[in-house]
Every structure is written in C-alpha cells, then in structure tokens.
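S.K.: This structure is in structure tokens; I'll ask about it shortly.
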Amino acid sequence: MNNASRILTILGSSLALSFSASALAQSPIVVKFSHVVADATPKGQGAIKFKELAEKYLPGKVQVQVFPNSQLFGDAKEMEAVLLGDVQFIAPSLSKFDRYTKKVQLFDLPFLFDDMAAVDRFQQSAEGKGLLDSMTNRGLKGLAYWHNGLKQLSTNKDKLTRPEDVKGLKFRIQASDVLEAQFRQLDANPQKLAFSEVYQALQTGVVDGQENTWSNIYSQKFHEVQKTIANTNHGVIDYMVVTNAKWWEGLQPDVRSGLEKAMAEATAHANNLAAELNERDRKRIIEANKAKVQTLTKEDVAAWRKAMEPVWKKFESDIGPELIQSALKSNQ
Ligand code: LMR
C-alpha cells in the first residue's frame, strides 16, 4: 500500500467510526414495558399513557414498547427479566413481591383498607412511599403505585354468600403466602397460578374459583366460566411499577427526569381511570348475564371479615405491626 492509499484507509475507517458513534448517540434508548393484563384495564391504560408521554418529553431519545397480556413475559418471568435487563419496566400486582420483601405483603391482608381512597392515602404517606425503596437492595426500584381496585370472589357454584360456601373448593391465587393463608383459613384449597393460566384453569375445572377486580374478570372473560361473583371487596389489587435499580441510576439525568415526569403523569391518569373502568366492567358483567353477581349484606361481609381475620396475626411480625398500624390510620 502506498502512503496515499494508507492515508485514505485511515481516513475511511475514522469516518466510519465517527459515523457509527453519532448513529449510536442518535439512536433512541428502547424501553420495554411488559405486563400481564389487557390494554382495556387500568394498568393497560397506564402503560399506554406512559409510552405516549415518555416519547413526547424525550423525542428521539427514548422509544417505549409496551407488551400487554403476558405477550413477552408472564408473572414468574417478568421480575427476572427486569433484573436481567431484558425489560425495563413492569408493574406486578403488590401480591407478587414477597420473594423480594415481606413488607409489601401488607397489601394482601384481607379487609385491611375500607376503600380505594384509603389505599391511596396510605400509598401517598411517608410509610407507603418508603415501600417503593424496600427492594433496591435486591435490584428493584419502585417508581409508583398504580391502582386497580378491590377484589371480588367468584366460583363455579350457585351459592356464594357466606364463608362456608367455599369450604373444600379450589381457588386460583396469585403467588402470595398471605393469600394462601387466607384461603386455608376458609378451609378452601388455594393454588398459585400465573395470571395467563387462570381462564383455562377455571374453564377446565382445575380450580373452582378465583379472586380479582371487575376489570380483570371482564377483560379475561372469567365471568363466562364462573357461575357466581360475590361483591366481597375483601382485598386490593394494586401495582408497583418497578425498574432495574442499576439501569435507572445509570441513565443520563435528563432522560431519567423525563421518564420520571412521564411516570408521574401516567400514574395520575391510570389512577383517575381505575374506578371508572372497574365500574364499567362490573356493569358489563351484569349485562352479559353469564355469571350471577351476588350482592352481599353487611352481615355477610362481616362473616367473611371474621373468617379471614386470623391471617393478620400470622403475618404481623413479617410485615411489622407499625406498618399495619399506619395502613389502618389511612382508613380514617
Ligand atoms: C392476577 O394475577 O390476578 C392479577 O394480579 C393480574 C394483574 O396484574 O392485575
């Protein structure tokens, strides 16, 4: 090679290098948001809003891809996927964190909160916000709470008004030891199953019943494979949006604050919508007339509360009595 062609080669490769460096600088960060529910639910809507806002505040810098319905990862895999960096955001139900912290189990205590306003007050309190950071030592950073709503109980039986009606029945539960204890307390048989498997388990009779919000029941068509849904409101299904703590800390400050802003607004959007979507889907379930919606009296609800109450004592020391007290204060 003569000198001239050597110079040309060097120039060429440094041009190629600088070109690929600038292409890298310009290519947006791809942020994957994986979840297990339908788009037409509070969480589904929150994720869509987050994408819209993040891409608006960080044009060309961030691209958000939303994967609903366990398309990318189901329950068991999504936490690992965040830790491995395969996805950046997930929003599991608060019942699914007990492998990472015992404290978040608080939310599964039956009849802990009087209503969703109380859940919201607790989540916005110092103690509630503190739980967002309770898993950073395990690599998970909590960014926000998203609401779904209160849980209803359903079975493939005609009668569902009192605790004795579920004796001996098999129930699908989320991966939570508190929920397992709750059904054992009712002399029922709980079975931990991923959300994506529930419909088929109900349809084939692998389980007799389940507990969930109106929006999850409707969007998954559980009402088509159940006979009765009782409005027990015995617990809550809400979410924590979590990300990989290391990835989050490693972001450029402007990107992180843009994502934070998008998250705060998407949170407000999802939380404002949650009650409305659940009420809409409660009505749709009644109109569909497949499962009977059983209204409970005050006395019925009191009987469920009494039957489930012993669960509290079992988990009090794991969760921490002070945390339980502060959650109870939000009922006032
Ligand atoms: C369930 O597994 O029943 C729900 O927590 C699913 C969800 O994310 O709402």
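S.K.: Looking at A40 and the list (1) modelled with pLDDT of 95 or more; (2) under 29 Å from N137 (Cα atoms); (3) of a type in the set (A, V, I, L, M, F, W, C), which single condition is not satisfied?
M.R.: (2)
S.K.: A further question on this structure: So which residues in the range 226-239 are away from the ligand (no atom under 11 Å from the Cβ) and of a type in the set (A, V, I, L, M)?
M.R.: Result: I229, A230.
S.K.: Of all residues in the range 288-315, which are surrounded by fewer than 14 Cβ atoms within 10 Å (Cβ to Cβ) and over 11 Å from H223 (Cα atoms)?
M.R.: Scanning the range 288-315 gives T295, T297, K298, E299, A302, K306, E309, P310, K313.
S.K.: So which pairs qualify, if the first residue must be in the range 85-112 and modelled with pLDDT under 95, the second must be part of a loop (DSSP other than H, G, I, E, B) and of a type in the set (A, V, I, L, M, F, W, C), the Cβ gap must be under 9 Å, and the two must be at least 6 apart or on different chains?
M.R.: D98/A175; R99/A175
S.K.: Any idea which residue in the range 152-197 is farthest from the ligand (Cβ to nearest atom), counting only those that are surrounded by fewer than 21 Cβ atoms within 10 Å (Cβ to Cβ) and within 16 Å of Y218 (Cα to Cα)?
M.R.: For the range 152-197, the residue satisfying everything is N156.
S.K.: A further question on this structure: Would you be able to tell me the number of residues in the range 155-171 that are of a type in the set (D, E) and part of a loop (DSSP other than H, G, I, E, B)?
M.R.: Quick first cut of the range 155-171, residues of a type in the set (D, E) only: 158, 164-165.
Checking the rest, the ones that are also part of a loop (DSSP other than H, G, I, E, B) come to 158.
So the count comes out to 1.
S.K.: Being more than 12 Å from the ligand (Cβ to nearest atom) and either within 22 Å of D114 (Cβ to Cβ) or among the basic types (K, R) (or both) is the requirement here; does E265 meet it? So that I can check it myself, show each step before the final result.
M.R.: Details: more than 12 Å from the ligand (Cβ to nearest atom): yes; either within 22 Å of D114 (Cβ to Cβ) or among the basic types (K, R) (or both): no.
Spelling it out, it is not the case that E265 is more than 12 Å from the ligand (Cβ to nearest atom) and either within 22 Å of D114 (Cβ to Cβ) or among the basic types (K, R) (or both).
S.K.: Would you be able to tell me the number of residues in the range 94-121 that are closer than 21 Å to A275 by Cβ, under 17 Å from the mean Cα position of the chain (by Cα) and crowded, with 20+ Cβ neighbours inside 10 Å?
M.R.: Initially, the range 94-121 is screened for residues closer than 21 Å to A275 by Cβ, giving 94-95, 107-108, 110-121.
Checking which are under 17 Å from the mean Cα position of the chain (by Cα) leaves us with 94-95, 107-108, 116, 119-120.
Then keep just the ones that are crowded, with 20+ Cβ neighbours inside 10 Å; that gives 94-95, 107-108, 119.
Summing the residues that are closer than 21 Å to A275 by Cβ, under 17 Å from the mean Cα position of the chain (by Cα) and crowded, with 20+ Cβ neighbours inside 10 Å in the range 94-121 gives 5.
S.K.: Mind listing just one residue for me: the one in the range 58-70 that is without any contact (Cβ under 8 Å) to a residue 60 or more places away in the chain and among the aliphatic types (A, V, I, L, M) and, of those, farthest from the ligand (Cβ to nearest atom)?
M.R.: The initial filter retains those residues of the range 58-70 that are without any contact (Cβ under 8 Å) to a residue 60 or more places away in the chain, namely 59-60, 63-68.
If we keep only those that are among the aliphatic types (A, V, I, L, M) too, we end up with 64, 66.
On the way: V64: 19, V66: 14 Å.
Within the range 58-70, the match that is farthest from the ligand (Cβ to nearest atom) is V64.
S.K.: Do the conditions hold for A76, that is, is it in a helix (DSSP H, G or I) and closer than 19 Å to D238 by Cα?
M.R.: Values: in a helix (DSSP H, G or I): yes; closer than 19 Å to D238 by Cα: yes.
It is true that A76 is in a helix (DSSP H, G or I) and closer than 19 Å to D238 by Cα.
S.K.: Under 8 Å between Cβ atoms, which residue pairs at least 6 apart in sequence (or on different chains) link something in the range 308-332 that is under 11 Å from L112 (Cβ atoms) and β-branched (V, I, T) with a partner that is modelled with pLDDT of 95 or more and loosely packed, with under 15 Cβ neighbours inside 10 Å?
M.R.: Short answer, once both residue conditions are applied: I324/E316.
S.K.: In the range 142-151, which residues are within 14 Å of the ligand (Cβ to nearest atom) and touching a helix residue (DSSP H, G or I) at 6+ places or on another chain (Cβ under 6 Å)?
M.R.: Y145, W146, H147, N148, G149, listed by residue number.
S.K.: So how many residues does the range 75-97 have that are more than 13 Å from the ligand (Cβ to nearest atom) and of a type outside the set (A, V, I, L, M)?
M.R.: Here is the first cut: in the range 75-97, the ones more than 13 Å from the ligand (Cβ to nearest atom) are 77, 80-89.
Of the ones still in play, those that are also of a type outside the set (A, V, I, L, M) are 77, 80, 85-86, 88-89.
Within the range 75-97, residues that are more than 13 Å from the ligand (Cβ to nearest atom) and of a type outside the set (A, V, I, L, M) number 6.
S.K.: So, in the range 71-84, exactly how many residues are touching a residue at least 24 places away in the same chain (Cβ under 8 Å) and either more than 17 Å from V241 (Cβ to Cβ) or basic (K, R) (or both)? It would help to see each step written out before you state the result.
M.R.: Start the filter on the range 71-84 by keeping residues that are touching a residue at least 24 places away in the same chain (Cβ under 8 Å), which leaves 71-76, 78-79, 81-83.
Imposing the further condition that a residue be either more than 17 Å from V241 (Cβ to Cβ) or basic (K, R) (or both) reduces the set to 71, 74, 76.
Qualifying residue count for the region: 3.
S.K.: Hey, any hits in the range 108-122 for a residue that's outside any loop (DSSP other than H, G, I, E, B) and in contact with a Leu (Cβ under 6 Å, 6 or more places away or on another chain)?
M.R.: From the range 108-122, those outside any loop (DSSP other than H, G, I, E, B) are 108, 116-122; that's our starting set.
Keeping just the survivors that are in contact with a Leu (Cβ under 6 Å, 6 or more places away or on another chain) gives 108.
Yes, the range 108-122 contains a residue that is outside any loop (DSSP other than H, G, I, E, B) and in contact with a Leu (Cβ under 6 Å, 6 or more places away or on another chain).
S.K.: In addition: Looking at the range 172-222 only, could you name the residues that are part of a helix (DSSP H, G or I), without any contact (Cβ under 8 Å) to a residue 24 or more places away in the chain and within 24 Å of I319 (Cα to Cα)?
M.R.: Correct list: E180, F183, R184.
S.K.: I've got another one for you. Condition first: of a type in the set (S, T, N, Q) and either modelled with pLDDT under 95 or away from the ligand (no atom under 14 Å from the Cβ) (or both). Now tell me which residues in the range 201-225 satisfy that. Let's see the steps before the verdict.
M.R.: Applying the first criterion (of a type in the set (S, T, N, Q)) to the range 201-225 yields 203-204, 210, 212-213, 215-216, 219-220.
Result: Q203, T204.
The values are calculated or read from the model by the stated rules, or taken from the named source; none is laboratory data. None of these values were measured; they are calculated from a predicted model. Positions of Cβ are backbone-derived with ideal geometry, glycine not excepted, and every protein chain shown enters the neighbour counts.
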